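**Q** Quick one: the structure is below, and I'll ask about it shortly.
Since every read-out is calculated from the coordinates, none of them should be taken as a lab result. Please read all numbers here as calculations on a predicted model, not as lab measurements. Neighbour counts run over all protein chains shown; Cβ positions are idealised from the backbone, glycine included.
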Amino acid sequence: MSTAVIRAFISRNPSRKSFFIYAVLLFLTEVLIALYAPAGFIRGFVGDVLVVILLFCMVRAVVSPVDKAAAKNTGDGIKRLFQTPWLAFAVLLFAFAIEFGQYWGLVDKLGLGGNRLARIVIGSHFDPLDLVAYFGGYLILLGCYWKSRQP
């Protein structure tokens, strides 16, 4: 990854276009991991770390955060969710919810057990290491956020 890409990712005001590009690149990386990486650390752990960052970039590509003063003045609390640390936390909670859905057999309970795509997207087996990987992705997002706030 080039220095320019890292600087753009942690810049103070990255654009929605930048996050769209990151989302596409991360999605392609995830597809390559799924297709070509052997079972093990890359496929089982790195892919799960990247999926949290991918989801974050997808949301930020669609919704840009508002500045704190505007959110406070308008009283629109939901817009505060899209501030970077809160959005990263919301993505982490979403990933945890999906993982615990796997624990409780969500795919089968929704009647989608025979649907291959649903089993791939939602997943079909719980792995506690996935929770660790998701938290790792969350920490990377927080690290990028705090790095972007440094002078």
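**Q** Quick one: net charge of GLY44's neighbours, Cβ under 11 Å, K/R +1, D/E -1?
**A** Details: positive: ARG43; negative: ASP48, ASP127, ASP130.
Summing Lys/Arg as +1 and Asp/Glu as -1 gives -2.
**Q** Summing Lys, Arg as +1 and Asp, Glu as -1, what charge do residues with Cβ under 15 Å from the Cβ of PRO128 carry, PRO128 excluded?
**A** My count for the surroundings of PRO128 gives -4.
**Q** Report the equivalent ellipsoid semi-axes for segment 81-151 in whole Å, largest first, defined as the square roots of five times the eigenvalues of the gyration tensor built from alpha carbon atoms.
**A** Details: eigenvalues 185, 27, 16 Å².
Working through the eigenvalues yields semi-axes of 30, 12, 9 Å.
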